[in-house]
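These notes are about the structure you will find just below.
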Amino acid sequence: MYGYGRESIVLQRDVNVVQIPDGTPGSLPKGHVVDLYQSLGGNFTVVTEMGNMVRIAGTDADALGKEPPIMGNLVSGTDSESVEKNVWEVLRTIFDPEIPVNIVDLGLVYHCKVTPTEEGKNDVDIIMTLTAPGCGMGPVLQYDAEAAVKNLPGVDKVNIEVVFDPPWSRDMMSEVAKLQLGMI
(Lines give C-alpha, C1' and ligand atoms only; values in the text may rest on other atoms or scores of the structure.)
Protein backbone atom coordinates (compact mmCIF):
# COMPACT_ATOMS: atom_id res chain seq x y z
CA MET A 1 0.00 0.00 0.00
CA TYR A 2 1.31 3.45 -0.81
CA GLY A 3 -0.43 6.74 -0.53
CA TYR A 4 -1.41 9.22 2.13
CA GLY A 5 -4.70 8.82 3.94
CA ARG A 6 -5.79 5.49 2.50
CA GLU A 7 -6.51 4.03 5.89
CA SER A 8 -7.04 5.78 9.22
CA ILE A 9 -6.14 3.62 12.21
CA VAL A 10 -6.69 4.11 15.94
CA LEU A 11 -3.69 2.81 17.86
CA GLN A 12 -4.64 -0.12 20.06
CA ARG A 13 -1.76 0.44 22.50
CA ASP A 14 1.14 2.78 23.19
CA VAL A 15 3.81 2.27 20.53
CA ASN A 16 7.40 3.31 19.92
CA VAL A 17 8.02 5.23 16.69
CA VAL A 18 10.90 6.75 14.76
CA GLN A 19 10.43 10.26 13.38
CA ILE A 20 10.98 10.61 9.62
CA PRO A 21 13.30 11.90 8.21
CA ASP A 22 15.52 12.71 11.21
CA GLY A 23 15.41 9.29 12.93
CA THR A 24 14.48 10.63 16.37
CA PRO A 25 12.80 7.99 18.56
CA GLY A 26 9.49 8.74 20.20
CA SER A 27 6.16 7.18 21.08
CA LEU A 28 2.46 7.55 20.36
CA PRO A 29 -0.28 6.83 22.89
CA LYS A 30 -3.09 4.32 22.68
CA GLY A 31 -6.09 5.93 20.97
CA HIS A 32 -4.01 8.22 18.72
CA VAL A 33 -5.28 8.23 15.12
CA VAL A 34 -2.75 7.73 12.32
CA ASP A 35 -3.09 7.52 8.55
CA LEU A 36 -1.26 4.60 6.97
CA TYR A 37 1.10 6.00 4.34
CA GLN A 38 3.13 2.93 3.43
CA SER A 39 3.38 -0.65 4.62
CA LEU A 40 6.32 -2.25 2.92
CA GLY A 41 9.04 -4.57 4.15
CA GLY A 42 7.13 -5.35 7.31
CA ASN A 43 7.32 -1.81 8.72
CA PHE A 44 4.66 0.87 8.65
CA THR A 45 5.03 4.52 7.74
CA VAL A 46 2.17 6.56 9.16
CA VAL A 47 1.19 10.21 9.39
CA THR A 48 0.12 11.34 12.87
CA GLU A 49 -2.75 13.64 13.84
CA MET A 50 -0.17 16.45 14.05
CA GLY A 51 0.94 15.81 10.45
CA ASN A 52 4.27 14.20 11.37
CA MET A 53 5.52 11.18 9.46
CA VAL A 54 6.78 8.33 11.66
CA ARG A 55 7.75 4.71 11.24
CA ILE A 56 6.30 1.88 13.32
CA ALA A 57 8.32 -1.34 13.35
CA GLY A 58 6.73 -4.52 12.05
CA THR A 59 7.17 -6.09 15.47
CA ASP A 60 4.62 -3.53 16.70
CA ALA A 61 2.06 -4.37 14.00
CA ASP A 62 -0.48 -5.32 16.67
CA ALA A 63 -0.64 -1.67 17.80
CA LEU A 64 -2.11 -0.96 14.37
CA GLY A 65 -4.35 -4.04 14.41
CA LYS A 66 -2.14 -5.65 11.77
CA GLU A 67 -0.35 -8.99 11.59
CA PRO A 68 3.45 -9.10 12.00
CA PRO A 69 5.29 -9.73 8.73
CA ILE A 70 6.08 -13.28 7.62
CA MET A 71 9.31 -13.91 5.75
CA GLY A 72 8.90 -16.15 2.73
CA ASN A 73 11.03 -17.03 -0.26
CA LEU A 74 14.04 -18.13 1.79
CA VAL A 75 16.04 -21.13 0.66
CA SER A 76 16.91 -23.87 3.13
CA GLY A 77 20.50 -24.54 4.02
CA THR A 78 23.21 -22.77 5.93
CA ASP A 79 26.02 -23.08 3.41
CA SER A 80 27.51 -19.78 2.24
CA GLU A 81 25.69 -19.84 -1.11
CA SER A 82 22.27 -20.36 0.54
CA VAL A 83 23.03 -17.72 3.16
CA GLU A 84 24.00 -15.20 0.46
CA LYS A 85 20.75 -15.83 -1.42
CA ASN A 86 18.82 -15.33 1.81
CA VAL A 87 20.77 -12.17 2.67
CA TRP A 88 19.76 -10.59 -0.64
CA GLU A 89 16.17 -11.74 -0.08
CA VAL A 90 15.89 -10.13 3.37
CA LEU A 91 17.63 -6.95 2.18
CA ARG A 92 14.82 -6.66 -0.35
CA THR A 93 12.42 -6.38 2.61
CA ILE A 94 14.13 -3.23 3.92
CA PHE A 95 12.48 -0.05 2.64
CA ASP A 96 13.28 3.61 2.97
CA PRO A 97 10.22 4.84 4.92
CA GLU A 98 9.63 7.67 2.43
CA ILE A 99 10.23 5.76 -0.80
CA PRO A 100 8.24 2.66 -1.83
CA VAL A 101 11.35 0.85 -3.09
CA ASN A 102 13.55 -1.62 -1.22
CA ILE A 103 17.20 -0.77 -0.53
CA VAL A 104 18.50 -3.31 -3.07
CA ASP A 105 16.45 -1.99 -6.00
CA LEU A 106 17.12 1.55 -4.83
CA GLY A 107 20.82 0.79 -5.39
CA LEU A 108 21.88 1.37 -1.80
CA VAL A 109 23.60 -2.01 -1.32
CA TYR A 110 27.00 -1.96 -2.99
CA HIS A 111 28.49 -5.24 -1.78
CA CYS A 112 27.65 -8.42 0.11
CA LYS A 113 30.24 -11.02 1.08
CA VAL A 114 29.49 -14.23 2.98
CA THR A 115 32.46 -15.96 4.61
CA PRO A 116 32.17 -19.44 6.19
CA THR A 117 33.56 -19.74 9.73
CA GLU A 118 35.26 -22.70 11.39
CA GLU A 119 32.19 -23.12 13.61
CA GLY A 120 30.04 -23.99 10.58
CA LYS A 121 28.30 -20.64 10.42
CA ASN A 122 28.87 -17.60 8.23
CA ASP A 123 30.02 -14.02 8.70
CA VAL A 124 28.30 -11.46 6.47
CA ASP A 125 29.90 -8.19 5.39
CA ILE A 126 27.73 -5.62 3.63
CA ILE A 127 28.69 -2.25 2.19
CA MET A 128 25.82 0.13 1.62
CA THR A 129 25.09 3.80 1.22
CA LEU A 130 22.21 6.21 1.71
CA THR A 131 20.37 8.42 -0.74
CA ALA A 132 21.86 11.44 1.07
CA PRO A 133 24.77 11.64 3.55
CA GLY A 134 22.71 13.55 6.13
CA CYS A 135 19.79 11.11 6.08
CA GLY A 136 18.56 10.77 9.65
CA MET A 137 17.02 7.41 8.82
CA GLY A 138 20.45 6.00 7.88
CA PRO A 139 21.10 4.38 11.27
CA VAL A 140 17.56 2.97 11.24
CA LEU A 141 18.04 1.41 7.78
CA GLN A 142 21.44 0.06 8.86
CA TYR A 143 19.93 -1.45 12.02
CA ASP A 144 17.00 -2.95 10.07
CA ALA A 145 19.39 -4.57 7.59
CA GLU A 146 21.67 -5.88 10.32
CA ALA A 147 18.80 -7.31 12.38
CA ALA A 148 17.21 -8.99 9.36
CA VAL A 149 20.47 -10.62 8.25
CA LYS A 150 21.49 -11.61 11.78
CA ASN A 151 18.21 -13.52 12.21
CA LEU A 152 18.93 -15.76 9.21
CA PRO A 153 19.86 -19.40 9.84
CA GLY A 154 23.60 -20.01 9.49
CA VAL A 155 24.65 -16.41 10.20
CA ASP A 156 27.10 -15.70 12.99
CA LYS A 157 28.36 -12.12 12.65
CA VAL A 158 27.06 -9.24 10.53
CA ASN A 159 29.08 -6.16 9.69
CA ILE A 160 27.40 -3.35 7.78
CA GLU A 161 29.53 -0.45 6.64
CA VAL A 162 27.82 2.70 5.41
CA VAL A 163 29.93 4.56 2.84
CA PHE A 164 29.40 7.68 0.74
CA ASP A 165 31.98 6.99 -1.96
CA PRO A 166 30.86 6.45 -4.58
CA PRO A 167 27.92 8.74 -3.85
CA TRP A 168 24.48 7.34 -4.57
CA SER A 169 22.71 8.54 -7.69
CA ARG A 170 19.46 7.66 -9.44
CA ASP A 171 21.50 5.78 -12.04
CA MET A 172 22.13 3.09 -9.39
CA MET A 173 18.44 2.22 -9.19
CA SER A 174 17.17 -0.93 -10.88
CA GLU A 175 14.81 -0.66 -13.84
CA VAL A 176 12.07 -2.05 -11.59
CA ALA A 177 12.63 0.79 -9.10
CA LYS A 178 12.64 3.44 -11.82
CA LEU A 179 9.41 2.03 -13.26
CA GLN A 180 7.83 1.85 -9.81
CA LEU A 181 8.67 5.51 -9.18
CA GLY A 182 7.49 6.62 -12.63
CA MET A 183 10.96 7.55 -13.80
CA ILE A 184 10.73 5.60 -17.07
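Of all the residues that make up segment 68-93, how many are open to solvent by less than 20 Å² (accessible area, probe 1.4 Å) and among the aliphatic types (A, V, I, L, M)?
4
Scanning segment 132-162 for residues that are in contact (Cβ under 8 Å) with a residue 24 or more places away in the chain, under 18 Å from Arg55 (Cα atoms) and either open to solvent by 10 Å² or more (accessible area, probe 1.4 Å) or part of a strand (DSSP E or B) (or both) yields Cys135, Gly136, Pro139, Val140, Asp144, Ala148. I'd like the full set of residues that are open to solvent by 70 Å² or more (accessible area, probe 1.4 Å) and among the charged types (D, E, K, R), limited to segment 1-47. Those that are open to solvent by 70 Å² or more (accessible area, probe 1.4 Å) and among the charged types (D, E, K, R): Arg6, Arg13, Asp14, Asp22, Lys30.
Restricting attention to segment 104-113, the residues that are of a type outside the set (Lys, Arg) and not in a loop (DSSP other than H, G, I, E, B) total 4. Considering segment 114-131, and only residues there that are touching a residue at least 12 places away in the same chain (Cβ under 8 Å) and part of a loop (DSSP other than H, G, I, E, B), the residue that is most open to solvent (accessible area, probe 1.4 Å) turns out to be Glu119. Residues considered: Asp165, Asp96. Of these, the only one that is among the charged types (D, E, K, R), touching a strand residue (DSSP E or B) at 6+ places or on another chain (Cβ under 9 Å) and either open to solvent by 60 Å² or more (accessible area, probe 1.4 Å) or on the phi < 0 side of the Ramachandran plot (or both) is Asp96. Might you let me know whether segment 48-60 holds any residue that is out of contact with any Ser or Thr (no Cβ under 9 Å at 6 or more places or on another chain), touching a residue at least 40 places away in the same chain (Cβ under 8 Å), among the hydroxyl-bearing types (Ser, Thr, Tyr) and surrounded by fewer than 17 Cβ atoms within 10 Å (Cβ to Cβ)? No - not one qualifying residue is present in segment 48-60. For segment 172-181, taking the residues that are over 15 Å from Glu98 (Cβ atoms) and touching a residue at least 40 places away in the same chain (Cβ under 8 Å), the one that is surrounded by the most Cβ atoms within 10 Å (Cβ to Cβ) is identified as Met172.
Listed residues Ile94, Ile103, Ile99; which is over 15 Å from Val18 (Cβ atoms), in contact with a helix residue (DSSP H, G or I) (Cβ under 8 Å, 6 or more places away or on another chain) and either in contact (Cβ under 8 Å) with a residue 24 or more places away in the chain or not polar (S, T, N, Q) (or both)?
Ile103
The values are calculated or read from the model by the stated rules, or taken from the named source; none is laboratory data. All figures in this text were calculated on a predicted structure; none of them were measured in a lab. Because the Cβ atoms are built from the backbone with ideal geometry, glycine has one as well, and the counts that use them run over all protein chains shown. The area values use the complete protein model at the heavy-atom level, side chains included, leaving out ligands, DNA and RNA. Shrake-Rupley method; radii C 1.70, N 1.55, O 1.52, S 1.80 Å.
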